[in-house]
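Report on one structure; see the data block that follows.
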Amino acid sequence: LFLAPTISYLWDWLDIDDEDNIVTYQSLPVRGASLYYHSVSTVQKNLEAARFNKPVLMTMSQHDSVLDPNATLTAFQNRFPNLQSRFIWYGDPPQHREDPRVTVLTSHLPDRRISNFSHMNVLFAPENTYYGQAGSYLMLENGQDGLSPPDDQGTLWFGAWGQSEAEKYHARLTWNPYFLELLANIRAVTDG
C-alpha cells in the first residue's frame, strides 16, 4: 500500500479482475489505494500524537479479513474517549472489554443462514436494491476454492470472506440484519 503513490505514475490499476459487480469490488485502482494510504497514514500519526475527543461511531466484524478487530477495538478504547462515542462489535463478545460504549451483536444467525459478518455488509440495509437480502447482486465468490455454488440459492449460507463449513456453501454477506440498530447508533452519536 505504501508504494501506491509511486505506482500511480506507472499504472492505473493494481488489480483488475473479471467480475460482474458494478462497483468493481474485486479490482483495485492505484489512485484509490494511494488516497486511502495517505488518509490512513495521516489519521494514524494524529492519533499517536493525541486522542480524538469528539464523538465517533465505529463498527467492526469479529471476522473482518482486512483489519485487526481487536486492535481496532483497543484503539477505540484508548484513543476515542468521548462518552457519546459508540463501537458496534458484530460477533462473539470480545474478552476483557468492559466498556458501556461498546455494543455486541451476535453475527451467528443460523435462522437466516448467516454464519458471521463480513467487513462490507455493515453499511447496507437488507432492502438495498443491489447488495440487500433480495438485491440484484449476489457475491458468490467467497474464497472457497474448489467448491461450486449450489443450484438452489435457497440453500446458500452467508458470511465473511473465506468462511467455510462442511456441507455449506457461503456467499459473501452483503447486508446488515441490524441496519436499523446501526441507524439508531448513528443518531445517538450525532444528535448529542
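Here are some notes:
- For the stretch 28-49, the tally of residues that are open to solvent by 50 Å² or more (accessible area, probe 1.4 Å) and either over 22 Å from residue 8 (Cα atoms) or of a type in the set (Phe, Trp, Tyr) (or both) stands at 7.
- Sole exception among (1) at pLDDT 80 or above; (2) part of a loop (DSSP other than H, G, I, E, B); (3) of a type in the set (Ser, Thr, Tyr) for residue 34, by number: (2)
- One residue from 95, 77 being without any contact (Cβ under 8 Å) to a residue 12 or more places away in the chain and either among the polar types (S, T, N, Q) or part of a loop (DSSP other than H, G, I, E, B) (or both): 95
- From the list 111, 92, 68, the lone residue that is touching a strand residue (DSSP E or B) at 6+ places or on another chain (Cβ under 9 Å) and among the acidic types (Asp, Glu) is 92.
- Cβ pairs under 8 Å, 6+ apart, first in the stretch 117-139 and in contact (Cβ under 8 Å) with a residue 24 or more places away in the chain, second surrounded by fewer than 18 Cβ atoms within 10 Å (Cβ to Cβ) and of a type in the set (D, E, K, R): 133/127; 137/20
- Residue in the stretch 142-154 that is touching a His at 6+ places or on another chain (Cβ under 9 Å), buried (at least 16 other Cβ atoms within 10 Å of the Cβ) and closer than 23 Å to residue 17 by Cβ present: yes
- Answer from 69, 100 - the residue that is open to solvent by 90 Å² or more (accessible area, probe 1.4 Å) and within 26 Å of residue 177 (Cβ to Cβ): 100
- Some residue of the stretch 4-22 being outside any loop (DSSP other than H, G, I, E, B), free of Cβ contacts under 8 Å to residues at least 12 places away in the same chain and over 29 Å from residue 140 (Cα atoms): yes
- Going through (1) in contact (Cβ under 8 Å) with a residue 40 or more places away in the chain; (2) under 25 Å from residue 174 (Cα atoms) one by one, residue 40 falls short only on (1).
- Test: residue 87 is out of contact with any helix residue (DSSP H, G or I) (no Cβ under 9 Å at 6 or more places or on another chain), open to solvent by less than 80 Å² (accessible area, probe 1.4 Å) and at pLDDT 95 or above: no
- Out of 167, 181, sole residue that is modelled with pLDDT of 95 or more and open to solvent by 50 Å² or more (accessible area, probe 1.4 Å): 181
- Each residue in the stretch 119-131 was checked for being part of a loop (DSSP other than H, G, I, E, B), modelled with pLDDT under 95 and open to solvent by less than 50 Å² (accessible area, probe 1.4 Å), and 3 pass.
- Among residues of the stretch 150-192, those that are in contact (Cβ under 8 Å) with a residue 60 or more places away in the chain, in a helix (DSSP H, G or I) and under 20 Å from the mean Cα position of the chain (by Cα), counted: 5
The values are calculated or read from the model by the stated rules, or taken from the named source; none is laboratory data. Computed from a predicted model, the values in this text were never measured in an experiment. For neighbour counting, all protein chains shown are included, and Cβ atoms are generated from backbone atoms with ideal geometry for every residue, glycine included. Accessible surface areas use protein heavy atoms only, side chains included; no ligands, DNA or RNA. Shrake-Rupley method; radii C 1.70, N 1.55, O 1.52, S 1.80 Å.
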